[in-house]
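The next block holds one structure in the form of structure tokens; read it before the comments.
The values are calculated or read from the model by the stated rules, or taken from the named source; none is laboratory data. Quantities reported herein were computed from a predicted structural model and do not represent experimental measurements. Cβ coordinates were reconstructed from backbone atoms using ideal geometry, including for glycine residues, and neighbour counts include every protein chain displayed. Just so you know, the surface numbers come from the protein's heavy atoms only, side chains and all, with ligands and any DNA or RNA stripped out. Shrake-Rupley method; radii C 1.70, N 1.55, O 1.52, S 1.80 Å.
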Amino acid sequence: MNIGFFTDSYFPGIDGVTYTISAWRDRLRDRGHEVSVVYPESSHEPDDHEFPVPSLPNPFYEQYRVPTYRRLSTLPDFDVVHCHGPASTGLMGARYAKRRGVKSVYTHHTPVEDYFVQGLRSEALATAAGRLYVAYENRLLRSFDCVTASTDRIRRDVTPRKLPVGIEMDTFRPTDPLFESDDPVIGYSGRLTRKKHVDEILRLAERRPDLRFELVGEGPVRESLERAAPENVRIRDFLPRGDLPAFYAALDVFVTASTCDTLGLSTLEANACGTPVAAADVSPFDETIGRDNGARFAHGDIDDMGRAVDDCLDRDRPTRDAVERFSVERTIDELEAIYGVK
């Protein structure tokens, strides 16, 4: 089967969407499918199955570029179009599917409206823009044959087919730690944005000088976090993908206060490496984090976050077994069923 991934987020950018596309592409190819990626042109050097769309700088978020236009006739003949974003490239995929009469699939990765405030710098403007955006995306989603999401709660007027991103269990497994520490190590890996609420982790660090905190990530609030970080906090750049298992293995607890995740892949990857997770008691963590792989805390309650971290430190948990159901191989099985592979 010839599959076309259309994405607004791709290398050299580092985020969950890029990693997901890479993992799904590789495994679909291993099963004999041909997978091409259509993406905004960047410094990434394309191979024979990558098709860049001319793009412009994004004035609100420099990691992401704004694709313009590429003629559909310059793309291969796809049997299935699978879109991974709602912007120009995703719209191009929707047009391709309609014009060629092929199956169209959309995966909802991110509640984009949650990120408007960091670009617009006004809660009121962000709220108004968010309402307009959700109305637009609802209309877009209804044009696809199938919409998938990691959970069934995506705040959209469609009922998605549940399709977790999937953990690369062969990559994320217990291994030698990236570093050693005499003190318990609490860690985080992900984008440094307002809705990730990493500042709440810093507030816990201030109260807990007995713990060491290792935070990995980049994003628009990094500078403010570095200014506010107490001495027991280290903020690192994004690590190469291959170093993440060793990073997770070095942690005693992975902690997140995010309110904008659709699955929280990094939390499940940490679990696969044997590390329990303390997560805010919000979606999706109320579905993915339980007693076998961590503990949840009331969002915004730093005392309760500390209690959840201590709970994770106090006893061993079968974290890897708990997340086996999120294996990427199971995801690819489901993806082939969605595509209609026989």
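Assorted remarks:
- R95 assigned to a loop (DSSP other than H, G, I, E, B), open to solvent by 30 Å² or more (accessible area, probe 1.4 Å) and touching a helix residue (DSSP H, G or I) at 6+ places or on another chain (Cβ under 9 Å): no
- Considering residues of segment 200-211 that are open to solvent by less than 60 Å² (accessible area, probe 1.4 Å) and not aliphatic (A, V, I, L, M) only, the residue farthest from the chain's Cα centre (by Cα): R208
- When R330, R320 are checked against the criterion of being within 16 Å of T151 (Cα to Cα), outside any loop (DSSP other than H, G, I, E, B) and modelled with pLDDT of 95 or more, R330 stands alone in meeting it.
- Any hit, segment 181-192, residues being within 27 Å of F116 (Cα to Cα) and of a type in the set (F, W, Y): yes
- Taking the numbered list (1) open to solvent by 20 Å² or more (accessible area, probe 1.4 Å); (2) within 30 Å of V221 (Cα to Cα); (3) among the hydrophobic types (A, V, I, L, M, F, W, C) in turn, A23 passes all entries but (1).
- Residue within segment 224-242 that is closer than 26 Å to P174 by Cβ and in a helix (DSSP H, G or I) present: yes
- Search result, residues across segment 240-253 that are under 16 Å from the mean Cα position of the chain (by Cα) and either crowded, with 17+ Cβ neighbours inside 10 Å or of a type in the set (A, V, I, L, M) (or both): L244
- Unmet criterion (only one of (1) more than 18 Å from G190 (Cα to Cα); (2) touching a residue at least 60 places away in the same chain (Cβ under 8 Å)) for F254: (1)
- Looking only at segment 1-20, and only at residues there that are at pLDDT 95 or above and in a loop (DSSP other than H, G, I, E, B), the one that is surrounded by the fewest Cβ atoms within 10 Å (Cβ to Cβ): M1
- Only one of the numbered conditions (1) free of Cβ contacts under 8 Å to residues at least 40 places away in the same chain; (2) open to solvent by less than 30 Å² (accessible area, probe 1.4 Å) is not met by T89, and that is (1).
- If only residues of segment 182-199 that are at pLDDT 95 or above and touching a Lys or Arg at 6+ places or on another chain (Cβ under 8 Å) are counted, the one that is surrounded by the most Cβ atoms within 10 Å (Cβ to Cβ) is I186.
- Subset of segment 51-70 (residues that are in contact (Cβ under 8 Å) with a residue 40 or more places away in the chain and either more than 23 Å from the chain's Cα centre (by Cα) or not in a loop (DSSP other than H, G, I, E, B) (or both)): P67
- Segment 125-158, residues that are surrounded by 13 or more Cβ atoms within 10 Å (Cβ to Cβ) and either hydroxyl-bearing (S, T, Y) or in a strand (DSSP E or B) (or both): T127, Y133, S143, C146, V147, T148, A149, S150, T151
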